[in-house]
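Colleague: I'd like to ask some things about the structure below.
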Amino acid sequence: MKLHHTAIWVNDLALIRDYYIDHFGAKSNDLYENSQTGFRSYFLTFSSGSQLEIMHREDIPDNLNDNIRQYKGYIHLAFAVNTKEEVDKKAQELSVSGYQILRGPRITGDGYYEFETVDPEGNRLEVLYRNHI
């Protein structure tokens, strides 16, 4: 069995779509819109084949999670790269672009080299590398 996609509610579809295209190389489908429900979404596909569905509807309330404190439930998306240098490069790119780096780059207790950040709407992300030799 394979996980097909992950979905998140967002306030600004264009902003979030462009962020993942510009910084993570996502490819986007055309906007899907249901005029009866007000639901709109994009599927973003990454080079690995994994997908992120970003969705919007006016009646969905804001998420009350704090991007620093952690709560039970889904907490982050993780993007794997091929080298430690790619982790560093992505952290630098996002930092220079004005995105907060929450922690890292660092080596975790379980052997990953990673950093934590947030997208423009505060959704937590990790960018990581692990040498599996």
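Colleague: Can you pull out the strands (runs of 3 or more DSSP E) entirely within the range 14-97 that have at least 3 residues that are surrounded by 12 or more Cβ atoms within 10 Å (Cβ to Cβ)?
Modeller: Here the list reads 39-45, 51-56, 77-80.
Colleague: Now for a separate question. Do any residues in the range 1-13 that are touching a residue at least 24 places away in the same chain (Cβ under 8 Å) and under 14 Å from residue 45 (Cβ atoms) have Cβ atoms under 8 Å from those of residues that are surrounded by 12 or more Cβ atoms within 10 Å (Cβ to Cβ) and acidic (Asp, Glu), where the two are at least six apart or on different chains, and which pairs are they?
Modeller: Partner pairs satisfying both residue conditions: 5/53; 6/53; 7/53.
Colleague: Find all pairs meeting these conditions: Cβ atoms under 6 angstrom apart; at least six residues apart or on different chains; first residue within the range 110-133 and within 16 Å of residue 93 (Cα to Cα); second residue outside any strand (DSSP E or B) and open to solvent by less than 30 Å² (accessible area, probe 1.4 Å).
Modeller: Sorted first by the residue in the range 110-133, then by its partner, the pairs are 115/91; 117/94; 119/19; 120/19; 127/87.
Colleague: In addition: What single numbered condition from (1) at pLDDT 95 or above; (2) out of contact with any strand residue (DSSP E or B) (no Cβ under 9 Å at 6 or more places or on another chain) fails to hold for residue 41?
Modeller: Every condition holds for residue 41 apart from (2).
Colleague: Find the residue count for the range 98-133, including only residues that are assigned to a strand (DSSP E or B), of a type outside the set (Asp, Glu) and out of contact with any helix residue (DSSP H, G or I) (no Cβ under 6 Å at 6 or more places or on another chain).
Modeller: Total satisfying the criteria: 9.
The values are calculated or read from the model by the stated rules, or taken from the named source; none is laboratory data. Owing to the predicted nature of the structure, the values given are computational and were not obtained by experimental measurement. Virtual Cβ from ideal backbone geometry, glycine too; neighbours counted across all protein chains shown. Accessible surface areas use protein heavy atoms only, side chains included; no ligands, DNA or RNA. Shrake-Rupley method; radii C 1.70, N 1.55, O 1.52, S 1.80 Å.
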